[in-house]
Amino acid sequence: MNHIDEITCLLYLDGQLDRPAADELAAHVRECENCGAMLRALEHESLGFASAFTEVDEELPARLAEPERARAARWAWLLGFGVGGAAAYALWASVIEPVWDSLTQVGFGGSSLLTLAVFNGAFWKGWSSMIDTIETTAVVALGIFALSFLPLRWPRRATIGIVVGLLATVAGLGLAQPATAAEVHKEHSYRLEKSQVIHDDLIVAAQSVEIDGTVDGDLIVFARSVTVRGHVTGDILGFAQEMRVDGTVDDNIRAFANTLTLNGSVGKNVSIAVANADIGADAKIGGSFTGAGNDMMIEGSVGRGLLAAGAHTEIEGSIGGATRVAGQQRRSDLQPY
């Protein structure tokens with residue numbers, strides 16, 4: 001027979017020739033060296049093509065092999081911070097903004113309040129370092145918040161994101177109550193007479209403030225000198241150069257002052273940052289005392305613990321709980337903190 005062409009050889013290799021033709025071709029290539037060489041070459045090429053198109057098992061990329069739970073954690077973080085942002089907005093809209101509007105309506109907004117506090121001498125000079133501390137704390141908090149968005153390989157991040165969001169929501173719902181309209185005064189001097197009663201929170205910004213009457217709420221005061229001889233059923237938050245409390249405070253005193261004198265009674269806790277503090281022998285503090293300052297004299301009674309940090313601290317009164325003092329002390333039975 002004649003030599004075999006390439007098409008017939010390819011049909012033979014693919015098994016597409018009928019049985020007689022295939023037997024005839026196989027007998028021919030055994031006798032014809034040229035046709036046998038061509039068939040072997042075509043067979044080799046066919047095997048090469050077949051291996052080239054054969055799928056090779058490859059390792060699955062790591063990003064696709066990540067567990068579904070870990071990928072879902074990112075959504076949990078986004079959900080948590082989204083809920084937290086909504087809670088912060090609710091807090092601003094329901095509490096902060098109405099109070100700020102009330103302060104603006106009576107004539108002292110941010111700029112005038114800053115002028116009163118700094119340039120008119122309502123605050124003592126040591127506040128500049130405290131402001132720097134507050135700013136530093138704010139920057140650190142912002143940095144921690146930014147780092148929370150970095151990809152972290154931590155299997156519990158989904159739980160943390162959800163918990164943060166829920167806590168922010170609870171805080172927002174708990175604090176975002178309708179803001180009550182406090183009574184606000186801004187003047188050179190303010191005095192609440194003994195016969196007067198204010199059934200609301202009282203906010204005062206003045207050079208001199210005297211409270212002889214009753215404040216049925218919180219007292220927030222910005223002044224050069226503050227004297228409280230009356231009754232405050234809530235807290236006292238005071239920013240002053242000189243502050244004196246001879247009356248009764250049912251809840252807490254939070255004071256930032258150059259000099260603080262306390263001869264009255266406080267139902268709960270006293271927390272102060274002052275240059276000089278004098279807690280008189282007639283003073284009674286139902287809760288704890290926490291103070292930071294230069295010179296502190298404590299002659300009254302403290303119902304619970306005491307924590308003081310100052311250059312000089314002298315304690316002559318009774319302390320109902322643990323006593324810790326940082327700095328020089330003038331009482332032998334105190335334990336250094």
Kirkwood estimate for the range 212-292, i.e. one over the average of 1/r between Cα atoms, Å = 12.0
Just name one of Asn258, Gly310, Val209: the one whose Cα is farthest towards the positive end of the charge dipole of the range 183-336 (beta-carbon charges, Lys/Arg +1, Asp/Glu -1).
-> Gly310
With no solvent and one equal point scatterer placed on each C-alpha of the range 183-336, evaluate the Debye formula and give log10 I(q)/I(0) for q = 0.18 Å⁻¹, two decimals.
-> -0.96
How do 228-235, 28-35, 281-288 rank on mean C-beta neighbours within 10 Å, highest first?
-> 228-235, 281-288, 28-35
Over the range 6-52, what per residue volume does the convex hull of the Cα atoms give, in whole Å³?
-> 60
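Here, each number is a calculation from the coordinates, and none is a lab measurement. Given the structure is predicted, the values throughout are model-derived calculations rather than measurements. Positions of Cβ are backbone-derived with ideal geometry, glycine not excepted, and every protein chain shown enters the neighbour counts.
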